[in-house]
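Asks: Below is one structure. I have some questions about it.
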Amino acid sequence: MDITPPVQATLSTGAMLGLLTLLEPAFATPSKLVPCSFPLIFILFVTHVNIGILACLVAGAFWSWSWFLFRGQSRVPLRTVIAFAAAAILSLVHFVSFWRRGIEFSPGPILTVCYAILDGLCVAGLAFLLLRARQRPSFPRNLTLHALLFVWLITYAFPYLMEWP
């Protein structure tokens, strides 16, 4: 049985998302070269899930959500539009709810503002990509949109803005 290019692309994208999840804590400390680090994943602290298990869950969630990409579908489904809008609203609610704690505790005022700016840029970029993918459907745009949506969800959409445990 031959593996088609859409299947290869979708499988490798999900694997890369899992790898990003595994590597994310390594980039969670700011340095002189990169003053604005990746935020640690909120769910790690809330549920105390093992990072390896979380990486598998992220890859599995991507493959489950994006099952239509395995067939090479070029059209972005309506459920992705709705999920993106809901996640953007929930991300805003998350920042508003935890803003004071993020400023007072960890990550501090500079990183909290940086995370908020990067979150806003991600939302704007994803909205633009979503509009382009809906106007001119293509498999690469659809795959890119879904991959970047998941990257945003595991990084800047819901950063950990509370006191370190």
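Asks: Can you work out which of the residues in segment 130-157 that are more than 15 Å from the chain's Cα centre (by Cα) and either of a type in the set (Asp, Glu) or within 19 Å of TRP67 (Cα to Cα) (or both) is surrounded by the fewest Cβ atoms within 10 Å (Cβ to Cβ)?
Replies: PRO140
Asks: Determine which single condition SER74 fails, assuming it passes every other condition in (1) surrounded by 14 or more Cβ atoms within 10 Å (Cβ to Cβ); (2) in a helix (DSSP H, G or I); (3) modelled with pLDDT of 90 or more; (4) over 19 Å from the mean Cα position of the chain (by Cα).
Replies: Result: SER74 passes all but (2).
Asks: Here are some conditions: (1) at pLDDT 95 or above; (2) among the β-branched types (Val, Ile, Thr); (3) buried (at least 19 other Cβ atoms within 10 Å of the Cβ). ILE89 meets all but one. Which one does it not meet?
Replies: Here ILE89 meets the rest and fails (3).
Asks: If you check every pair at least six apart or on different chains, which have Cβ atoms under 6 Å apart with a residue in segment 88-104 that is closer than 11 Å to GLY120 by Cα and in contact (Cβ under 8 Å) with a residue 24 or more places away in the chain first and a residue that is assigned to a helix (DSSP H, G or I) and of a type in the set (Val, Ile, Thr) second?
Replies: Pairs found: ALA88/VAL123.
Asks: Now, a different point. Take PHE68 and decide whether it is of a type outside the set (A, V, I, L, M), at pLDDT below 75, more than 14 Å from the chain's Cα centre (by Cα) and in a helix (DSSP H, G or I).
Replies: No, not satisfied.
The values are calculated or read from the model by the stated rules, or taken from the named source; none is laboratory data. Owing to the predicted nature of the structure, the values given are computational and were not obtained by experimental measurement. All Cβ positions, glycine included, derive from the backbone under ideal geometry; neighbour counts span all protein chains shown.
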